[in-house]
Structures are given as structure tokens and as C-alpha cells.
1. Have a look at Ala42, Ala79 and point out the one that is closer than 13 Å to Gly126 by Cα and aliphatic (A, V, I, L, M).
2. Taking the condition out of contact with any Phe, Trp or Tyr (no Cβ under 9 Å at 6 or more places or on another chain), modelled with pLDDT under 90 and either crowded, with 17+ Cβ neighbours inside 10 Å or assigned to a loop (DSSP other than H, G, I, E, B) (or both), does Leu76 pass?
3. I want to confirm something. Restricting to region 1-51 and keeping residues that are of a type in the set (Ser, Thr, Tyr) and either under 14 Å from Trp147 (Cα atoms) or surrounded by 13 or more Cβ atoms within 10 Å (Cβ to Cβ) (or both), which single residue is modelled with the lowest pLDDT?
4. In region 139-162, what residues are without any contact (Cβ under 8 Å) to a residue 60 or more places away in the chain and at negative phi?
5. Quickly run through region 117-144 and pick out the residues that are among the aliphatic types (A, V, I, L, M) and at pLDDT 95 or above.
6. Test Val114 against the criterion of being touching a Cys at 6+ places or on another chain (Cβ under 6 Å) and under 19 Å from Ile3 (Cβ atoms), and give yes or no.
7. Scan region 30-55 residue by residue and report those that are part of a loop (DSSP other than H, G, I, E, B) and in contact (Cβ under 8 Å) with a residue 60 or more places away in the chain.
8. Would you call Asp142 touching a strand residue (DSSP E or B) at 6+ places or on another chain (Cβ under 9 Å) and surrounded by fewer than 16 Cβ atoms within 10 Å (Cβ to Cβ)?
Amino acid sequence: MPIELAPSDLARIARCSAGTAIDDRCSAFVAAMWPRLAAAGASWAGFYLDRPGAPDAERMVLGAREPKPACSPIGLHGACGRCMLSRSILVVRDVASLGAGYVACDPRDRSELVLPCLRADGSCWGVFDLDSFDVGCFSEADGRVLWTALVAAGLTVSGPVRMDVV
């Protein structure tokens, strides 16, 4: 089922996130989005935050998420690391295609959608990650919808972003 947001959803996301610290915006975003994401087939949603200067294997730490904790820290391999390094939205139709580099926090995960969170200078401070137990759950259209929502929440910059589908 596609991820759909009404203009009122985007307005609510923008209101609850305006003028707050990044951790608070991430928490508000996940809380506001989780019901829609779960209804669209997501089994998990959350942020991984970059820790520049940490060893590559420990670069990304878990931030706000629903409905349960996940692996932390994770390295720059796997879907989240690939998204952060490329600064591209990553749609993974089947996580088996990622091979040995895939970070499986839940062995039931079968597809993933990861979006970069960019600063105005283009650097990436983290990623927003969605998992699903269903192969092919997420699409390019879902990536565009969530990009718009992240922009509305002040969690990434507006403008075009590349999309990779694997």
C-alpha cells in the first residue's frame, strides 16, 4: 500500500517540529508518521544519526524510532551507510540483493527505504530508515512523499535529490 500524506498531515508535521532541537524534531516526526507508515506496511521506522570521527563501524547511532529498538551503533556499510554516503534516497526492493553488507536488525525484514537528512551545505547528518517484512513494500513514489515530509519537518533541505533503486 503506498504511503500517502494529506496537506493537513504535512502542516501538522511542520507545526510540531518548528523551532525545536533536532532530536525533538526527529521524535515528533516519527510519532506523527508512524501510524501512516505502519498502515502502508512498514514494520519499523527510525533515524540513524552520524557521529563524524567515530570509527566507520560505529559511525551511525540509533535515534528516534517506532515501534521497537534496533541495532546501534551501525557502520557505514548496509543500506543506511550507502544512503548517507551517496546522499541519495535508497529504495531496496529485496534486502537479499544487498548481500553480506546488509545490517539485519530484524531477520524478518525484506525491503527497506532510506532517506538522507541533509544540511543546507549538502552534508548528511543522518538518515531516516523504514523496514518492511514484505518484499517490494516501498516505491520511488513513497520516497518522494517521505522526502516532502522530511522537508516539512525541517529535517532535510528542499530541492532535488537522486534516487537509487536496488
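1. Working: Ala42 fails: closer than 13 Å to Gly126 by Cα.
Testing whether each residue is closer than 13 Å to Gly126 by Cα and aliphatic (A, V, I, L, M) leaves just Ala79.
2. yes
3. The first filter runs over region 1-51 and keeps only residues of a type in the set (Ser, Thr, Tyr), leaving 8, 17, 20, 27, 43, 48.
Now narrow it down to the ones that are either under 14 Å from Trp147 (Cα atoms) or surrounded by 13 or more Cβ atoms within 10 Å (Cβ to Cβ) (or both): 17, 20, 27, 43, 48.
Values: Ser17: 69, Thr20: 77, Ser27: 91, Ser43: 97, Tyr48: 96.
Applying the filter and picking the extreme gives Ser17.
4. Quick first cut of region 139-162, residues without any contact (Cβ under 8 Å) to a residue 60 or more places away in the chain only: 140, 143-144, 147, 151, 156-160.
The answer is Glu140, Gly143, Arg144, Trp147, Val151, Thr156, Val157, Ser158, Pro160.
5. Narrowing region 117-144 to residues among the aliphatic types (A, V, I, L, M): 118, 120, 127, 130, 135, 141.
The answer is Leu118, Val127, Leu130, Val135, Ala141.
6. Working: touching a Cys at 6+ places or on another chain (Cβ under 6 Å): yes; under 19 Å from Ile3 (Cβ atoms): yes.
Yes, satisfied.
7. The first filter runs over region 30-55 and keeps only residues part of a loop (DSSP other than H, G, I, E, B), leaving 40-43, 51-55.
Passing the criteria: Ala40, Gly41, Ala42, Ser43.
8. Working: touching a strand residue (DSSP E or B) at 6+ places or on another chain (Cβ under 9 Å): yes; surrounded by fewer than 16 Cβ atoms within 10 Å (Cβ to Cβ): no.
No; evaluated as a whole, the condition is false for this residue.
The values are calculated or read from the model by the stated rules, or taken from the named source; none is laboratory data. Every value quoted in this text rests on a predicted model; they were computed, and no experiment measured them. Neighbour counts are summed over all protein chains in view; Cβ atoms, including those assigned to glycine, are modelled from backbone coordinates with ideal geometry.
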